[in-house]
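The numbers here are math on the coordinates, done by the rules we state, and not lab data. From a predicted model like this one, the values you see are computed outputs, not experimental measurements. Cβ atoms come from the backbone with ideal geometry, glycine included; neighbour counts cover every protein chain shown.
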Amino acid sequence: MAAVVRPGDEVLILEPAYDLYLPVVELFGGKVVPVALRPEDFSVDWPAVARALSPNTRMLIYNTPHNPSGKIWAPEDLHQLAQLIRDTDILLISDEVYEHIVFDGRAHLSVLAHPELRARSFAVFSFGKTFHATGWRIGYCVAPAALSREFRKVHQYNTFSTFTPAQVALAEFLKTEAHYLELPDFYQERRDRFRQWLSETPFELLPCEGGYFQIVSYAHLSSESDLDYAERLTREVGVATIPLSPFYSQGGDTKKIRFCFAKKYETLEAGIARLHQHQDQLFAP
Ligand SMILES: Cc1ncc(COP(=O)(O)O)c(C=O)c1O
């Protein structure tokens with residue numbers, strides 16, 4: 001974004017969106033144009049995307065597998081996107097940090113496999129997600145030579161470099177393909193068990209196709225806002241979830257919360273036990 005977004009540029013973001021996109025667009029003087037994913041299944045509303053494009057649109061950011069919804073894109077999505085921006089010079093950030101975490105035998109669809117879109121994309125990946133090292137904040141970006149040149153001009157003065165011990169550690173991990181090839185099974189087992197356990201609580205589970213987050217609705221349990229509900233769950237039940245409304249630039253109230261299941265089984269089990277133990281608190285007071 002620092003490399004290509006200039007004051008007055010519009011940047012389309014599909015919401016709910018990873019919370020880093022909006023502030024970074026604004027930091028560089030861009031204007032965020034939010035487009036809501038369909039609330040029932042978080043699929044892309046392509047006619048709404050078409051309506052949101054303007055002569056000032058500089059960039060579109062999308063993320064698959066998706067945080068927070070777990071939705072993964074189908075070939076038809078890339079097809080629709082290519083059709084919409086074919087006659088423009090709109091750039092893309094394809095955020096693929098959860099690329100190895102896809103379930104039920106589905107395949108991750110990278111923009112790098114779509115020559116037309118790849119030619120205008122910054123595809124970004126994270127060693128943090130792949131090697132269980134979130135917080136290390138080390139990843140990489142793949143882009144065509146001209147875009148990569150601009151990217152690296154900024155990178156030189158922004159990040160400068162990545163500290164050596166972490167690079168050495170990741171290089172060591174990269175030698176063993178199994179570390180990332182086994183990731184779908186590793187997380188699918190967690191997803192399946194966690195969903196099974198959660199299905200025995202009063203929450204309504206939404207689908208989870210990839211990533212390591214599970215969204216549930218509590219609309220039938222309480223009329224509290226998602227912020228209030230998540231805070232109360234944290235304080236009274238001892239289980240921390242993330243409300244969904246902060247993933248929308250306009251806020252609002254979704255009656256949905258997000259669980260993270262990238263945890264030890266003991267931690268997941270302890271959380272579920274608390275949900276059962278404090279079941280009364282899941283309902284509105
Ligand atoms: C969608 C999305 N993109 C990017 C990131 C950042 O990844 P990293 O751990 O490499 O900083 C995250 C998680 O923090 C994320 O959920």
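Can you tell me how the range 215-263 classifies by the Cα gyration tensor, rounded, prolate or oblate, using a/c under 1.5 as the rounded cut?
Details: a/c = 1.63, a/b = 1.21, b/c = 1.35.
Taking the square roots of the gyration eigenvalues as a ≥ b ≥ c, the range 215-263 is oblate.
Return the sequence-ordered ³J(HN,Hα) values of the range 33-39 in whole Hz as given by the Karplus equation 6.51 cos²θ - 1.76 cosθ + 1.60 applied to θ = phi - 60°, using x for Gly and Pro.
Residue by residue, the range 33-39 yields 10, x, 10, 6, 6, 5, x Hz.
In terms of the Cα gyration tensor, with a ≥ b ≥ c the square roots of its eigenvalues, is the range 182-282 rounded because a/c is under 1.5, prolate because a/b exceeds b/c, or oblate?
Verdict is oblate for the range 182-282.
Which Cα, out of VAL102, PHE122, TYR62, lies furthest along the positive dipole direction of the range 51-156 (beta carbon charges, K/R +1, D/E -1)?
Comparing the listed Cα positions along the dipole, PHE122 ranks first.
Given the C-alpha centroids of the range 266-285 and the range 59-89, what is the distance between them in whole angstrom?
Cα centroid to Cα centroid, the span is 36 Å.
About its Cα centre, what dipole magnitude does the chain give when the only charges are +1 on Lys and Arg Cβ and -1 on Asp and Glu Cβ, stated in debye to the nearest 20?
That gives a dipole near 760 debye.
Of ASN56, ASN158, ASN67, which is the most mobile in a GNM of the chain whose springs link Cα atoms less than 10 angstrom apart?
The residue with the greatest mean-square fluctuation here is ASN158.
Can you compute the equivalent ellipsoid semi-axes for the range 131-236, i.e. the square root of 5 times each eigenvalue of the Cα gyration tensor, sorted largest first and rounded to whole Å?
Semi-axes (√(5λ), whole Å): 38, 21, 14.
What is the set of long-range amide H partners of GLY139 at a cut-off below 5 Å, with H atoms built 1.01 Å from backbone N?
Here PHE127 satisfy the definition.
Round to the nearest 10 and give me the degree value, 0 to 90, for the angle of helix 145-158's Cα axis relative to the longest principal axis of the chain.
Helix 145-158 and the main axis of the chain meet at about 70 degrees.
Using the per-residue mean of other Cβ atoms lying within 10 Å as a proxy for protection, in what order, highest first, do the peptides 188-194, 133-139 fall?
Details: 188-194: 17.7, 133-139: 13.9.
Descending packing order for the listed peptides: 188-194, 133-139.
Can you tell me the orientation of helix 164-174 relative to the chain, as the angle in degrees between its alpha-carbon axis and the longest Cα principal axis, to the nearest 10?
80 degrees
Determine which residues of the range 179-193 fall in the zone a paramagnetic label at HIS276 would reach in this model, i.e. backbone nitrogen under 16 Å from the point 7 Å along Cα→Cβ.
The answer is 193.
Estimate the FRET efficiency between LYS175 and ARG195 by the formula 1/(1 + (r/R0)^6), using the beta-carbon distance for r and 51 Å for R0, to the nearest 0.05.
E between LYS175 and ARG195, to the nearest 0.05, is 0.95.
Rounded to a whole number of µm²/s, how large is the Stokes-Einstein D of the range 1-136 at 20 °C and 1.002 mPa s, given Rh as the Kirkwood radius over C-alpha pairs?
140 µm²/s
For the chain, state the semi-axes of the equivalent ellipsoid (square roots of 5 times the eigenvalues of the alpha-carbon gyration tensor), sorted largest first and rounded to whole angstrom. Mind showing how you got there, number by number?
Working: eigenvalues 213, 113, 63 Å².
They are 33, 24, 18 Å, listed largest first.
Could you rank the peptides 197-203, 162-168 by their average count of other C-beta atoms within 10 Å per residue, with the highest value first?
Order by mean packing, descending: 197-203, 162-168.
HN-Hα J couplings of the range 47-57 from phi, Karplus 6.51/-1.76/1.60, θ = phi - 60°, integer Hz, Gly and Pro as x?
Per-residue couplings from phi come out as x, 5, 5, 4, 5, 7, 6, 8, x, 8, 5 Hz.
Rounded to the nearest 10 degrees, what's the angle between the helix 265-277 long axis and the longest principal axis of the chain, both from Cα atoms, 0 to 90?
Tilt of helix 265-277: around 50 degrees.
How large is the helix-only mean residue ellipticity at 222 nm for the chain, computed as the sum of -39500 (n - 2.57) over DSSP H runs with n ≥ 4, divided by its residue count, in deg cm²/dmol to the nearest 500?
-10000 deg cm²/dmol
Evaluate the relative contact order of the chain (contact order divided by residue number), counting alpha-carbon pairs under 8 angstrom at least 6 apart; express in whole percent.
Worked out over the chain, it gives 17 percent.
If you average 1/r over every pair of different alpha-carbon atoms in the range 79-150 and take one over that average, what Kirkwood value in Å do you get?
Roughly 13.4 Å, rounded to one decimal.
Quick one: putting +1 on the C-beta of Lys and Arg, -1 on the C-beta of Asp and Glu, what dipole do you get for the range 182-282 around its Cα centre, in Debye to the nearest 20?
Computed charge dipole of the range 182-282: roughly 120 debye.
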